[in-house]
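Here's the structure, in structure tokens; my notes come after.
What follows is calculated from the coordinates using simple rules that are stated; it is not laboratory data. Keep in mind that what you see is a predicted model, and the values were worked out from it rather than measured. Note: ideal-geometry Cβ built from the backbone for every residue, glycine included; neighbour counts use all protein chains shown.
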């Protein structure tokens, strides 16, 4: 499980940092916090869309779904929250 988490972290490090800074913004919408909680629940849950016991495809679904969900949430942020997160990441 930790190996899967470390692979995901390397794949989405920049987006994860933007998401972290967006979550800490005082105007962060509730749906962002709820979506992030559900995303973390999916990541650490033993229940997957494709079980990890299926070689290759079990891990690939996590490597595709998690970054896609993070990017989707970041693209729907209000402009001022997104700009704040971008400034914090680049600083």
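Rounded, prolate or oblate: which one fits the range 46-91, using the alpha carbon gyration tensor with axes a ≥ b ≥ c (rounded when a/c is under 1.5, else prolate when a/b beats b/c, else oblate)? Each step should come with its number before you reach the end.
Values: a/c = 4.64, a/b = 2.98, b/c = 1.56.
Prolate.
Only helical DSSP H runs with n ≥ 4 go in: add -39500 (n - 2.57) per run for the chain, normalise by residue count and round the 222 nm mean residue ellipticity to 500 deg cm²/dmol.
Working: 4 runs with 69 residues, N = 91.
My calculation for the chain gives -25500 deg cm²/dmol from helical runs alone.
In degrees from 0 to 90, rounded to the nearest 10, what is the angle of the helix 2-24 Cα long axis to the longest principal axis of the chain? So the inclination is approximately 20 degrees.
Among the listed values (i) 2, 11, 13, 18, 15, 15, 9, 6, 6, 3, 1; (ii) 2, 13, 24, 23, 16, 11, 6, 3, 1; (iii) 3, 13, 19, 23, 18, 11, 8, 4, 1, 0, the one matching P(r) over Cα pairs in 5 Å bins from 0, in percent as calculated from this structure is (ii). For 41, 77, 23, the sequence from fewest to most other C-beta atoms within 10 Å is 41, 23, 77. Relative to the dominant Cα principal axis of the chain, helix 79-90 is inclined by about 70°. Going from the residue with the fewest nearby Cβ atoms within 10 Å to the one with the most, 66, 50 rank 50, 66. Placing pseudo-labels 7 Å out from each Cα toward the beta carbon at residue 50 and residue 4 gives an inter-label distance of 1.3 nm. Each Cα pair under 8 Å and six or more residues apart adds its separation to the average, and for the range 2-90 the resulting relative contact order is 50 percent. The stretch between residue 86 and residue 34, if pulled fully straight at 0.36 nm per residue, gains 16.6 nm over its current Cα-Cα span.
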